[in-house]
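> Have a look at the structure that comes next, please.
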Amino acid sequence: MQGTVDGFSYGAVTPLVAYLMACLGGALGLRCTTRSLLVTHSWRPAWLALGSAAIGSGIWTMHFVAMMGFAIEETPIHYDKPITYASLGLAIVMVGIGIFIVGYRGATGTALFTGGTITGLGVASMHYLGMAGVRFHGHFTYNTLTVAASVVIAVVAATAALWAAGRVRGFMWSVGASLVMGLAVSGMHYMGMAALGAHLDGPSHAAGGAPEPSVLAPMLIGPLAFLLLAGIVVIFDPLMVMGRPVRMPVEGKPGVPAASVAAHPDHRPALHEGRLSARTSEHHASRTPQNR
């Protein structure tokens, strides 16, 4: 028995909110990845990890916000929590692998292709693992070609996002890239949903329809809180917005040549004073024969 699938039970509300969540996660992740390229190697893993978690959480939240509008008219829907949370962990780990590759190898050539492919496969895997956690009186079937198209969309979107993270420095350019990324991720989700068919094992005695928001809302609290904290980090770090390299202070430790201290931009007044002293010495030297 074939079930009647409806992905828009609440109209345009869930797609719009889902898109905004994908944009938010993408924007935070791209800014963190860009920030990692402007700091020393000791801080780079922390920023890349934060970016991975932000993108993974944003994509996962987008998926399940969209799933609030998903319904099978003939049967109720439930979610397997271990599988649902496993899809979140899978998204963060695979996105992280791709981001770390680009963060250390650069957003060009083989590194970009490899990182984008792994990240895109992570996004697609999260989607289909999340769908495996849906429980109802039956099982899903998929159209192979449409599934393949959704995976291609995910890989292309991830590659473009990583390229933007490595190349784009301006804040507004990053916002634009995150909007495109959100559109691509949402497109991948609904392309995957278009490949789906629900086969019922038999008539259900319970009323069907979209799950109540209270079913998914508790699971979304953690990722949403994390995205809020990541947003606070972005807001209170000026370099996340300005996109400028970090001027590391010269360490006053033994073994640091004095010339390196003098050449540092923060010591320009000292250089100026040195030039004045040199000119004064030359001036006195030139006048010495006249005073003899």
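The values are calculated or read from the model by the stated rules, or taken from the named source; none is laboratory data. What you see is a predicted model, and the numbers here were worked out from it, not measured in a lab. FYI the Cβ positions are ideal-geometry reconstructions off the backbone, even for glycines, and counts take in every protein chain you see. What goes into the accessible areas is simple: the full protein's heavy atoms, side chains included, and nothing from ligands, DNA or RNA. Shrake-Rupley method; radii C 1.70, N 1.55, O 1.52, S 1.80 Å.
> Report the label-to-label distance for residue 156 and residue 194 in nanometres (one decimal), using points 7 Å from each Cα along the Cα→Cβ vector.
Those two pseudo-labels are separated by 1.2 nm.
> Let me ask something else. Going 7 Å from the Cα of residue 81 along its beta-carbon direction, which residues of the range 222-236 have the amide nitrogen within less than 12 Å of the resulting point?
none
> If you don't mind, another one. Could you order the peptides 95-103, 2-10, 222-230 from most to least packed, using the average number of other C-beta atoms within 10 Å per residue? Numbers along the way, then the final one.
Numbers: 95-103: 25.1, 2-10: 15.0, 222-230: 17.0.
Most protected by this proxy first, the peptides run 95-103, 222-230, 2-10.
> For the range 47-116, state the average projected area of the convex hull of the C-alpha atoms over all orientations, rounded to one decimal in nm². Can you show the working numbers first?
On the way: hull surface 22.9 nm².
Computing the convex hull of the Cα atoms and averaging its projections yields 5.7 nm².
> Another one. Extension gain residue 97-residue 146, at 0.36 nm per residue separation less the Cα-Cα distance, in nm? Please list the in-between numbers first.
Working: separation 49, 0.36 × 49 = 17.64 nm, distance 2.61 nm.
My answer for the length gained is 15.0 nm.
> Also: Counting only protein heavy atoms and a 1.4 Å probe, tell me what percentage of the range 1-146's accessible area is made up of carbon and sulfur. Numbers along the way, then the final one.
Values: 4010 of 5700 Å².
Ligands and nucleic acids excluded, carbon and sulfur reach 70 percent.
> In square angstrom, what is the accessible area per residue of the range 121-168 with a 1.4 angstrom probe?
Details: 2030 Å² over 48 residues.
Roughly 42 Å² per residue, with all protein chains present.
> Can you give me the long-range amide H partners of residue 79? Hydrogens built in the peptide plane at 1.01 Å from N, cutoff under 5 Å, separation of 5 or more residues or another chain.
Counting only residues 5 or more places away or on other chains, the set is 135.
> Report the label-to-label distance for residue 10 and residue 104 in nanometres (one decimal), using points 7 Å from each Cα along the Cα→Cβ vector.
Those two pseudo-labels are separated by 4.1 nm.
> Over the Cα atoms of the range 1-130, what is the Rg over Rh ratio if Rh follows Kirkwood? Could you put the intermediate results ahead of the total?
Numbers: Rg = 16.8 Å, Rh = 15.7 Å.
Taking Rh as the inverse mean 1/r over Cα pairs, Rg/Rh reads 1.07.
> Also: Among 143-156, 43-56, 182-195, how do they line up by average Cβ neighbours within 10 Å per residue, starting with the highest? Before the final figure, lay out each step's value.
Numbers: 143-156: 16.9, 43-56: 22.9, 182-195: 21.4.
Put in order of decreasing packing, that is 43-56, 182-195, 143-156.
> Same structure again: What is the log10 of I(q)/I(0) for the range 56-204, computed with the Debye formula using one identical point scatterer on each Cα and no solvent, at q = 0.13 Å⁻¹?
-0.60
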